[in-house]
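Participant: A single structure is presented below for examination.
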Amino acid sequence: MLRNPVYFIFLILLGVAAYGVYYTNTAAPLLNVARTASNQAIAEGKVRLRKMLEDSETGRQAMGSMGMPSTRNQSYEMSDMNGAKTRAKADDPNDDDEL
């Protein structure tokens, strides 16, 4: 049971927000943005964890014994909203598209 008024007000605000999302039919775009943001956060977390492991001697030994490649001199790609990988035009010599 809700006895704390702060929780009750939060529940009302959550209901108003859910109604607004339903009324404006923006559930799919919001879920897409949330999914893309979480995927980018996970990718960035993996990069930072790998860099941290490369900086410590114990981490390098563990990565070497597991056969993991180094991240040095690798380029990273950003994902667009549809999940497709994109790169800068200067990085892709085979891209003949013009704007």
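Participant: Within the chain, which helices (runs of 4 or more DSSP H) (wholly inside it) include 1 or more residues that are at pLDDT 85 or above?
Facilitator: Details: elements: 5-24, 27-55, 57-66.
Qualifying helices (runs of 4 or more DSSP H): 5-24, 27-55.
Participant: Determine the pairs where a residue that is within 22 Å of SER65 (Cβ to Cβ), located within region 32-53, has a partner that is part of a helix (DSSP H, G or I) and at pLDDT below 95 with Cβ atoms under 6 Å apart, the partner being 6 or more residues away or on another chain.
Facilitator: LEU53/GLY59; LEU53/MET63
Participant: Limited to region 31-63, what total is found for residues that are surrounded by 12 or more Cβ atoms within 10 Å (Cβ to Cβ) and more than 30 Å from ALA18 (Cβ to Cβ)? Steps first, please.
Facilitator: So the first thing to find is which residues in region 31-63 are surrounded by 12 or more Cβ atoms within 10 Å (Cβ to Cβ), and the list is 32-33, 35-36, 39-40, 43, 47, 50-51, 53-54, 59-60, 62-63.
Next cut, more than 30 Å from ALA18 (Cβ to Cβ) only: 47, 50-51, 53-54, 59-60, 62-63.
Here the count works out to 9.
The values are calculated or read from the model by the stated rules, or taken from the named source; none is laboratory data. Worth saying up front: this structure is predicted, and the values here are computed from it rather than measured. With ideal geometry, Cβ positions are generated from the backbone for all residues, glycine too; neighbour counts draw on all protein chains shown.
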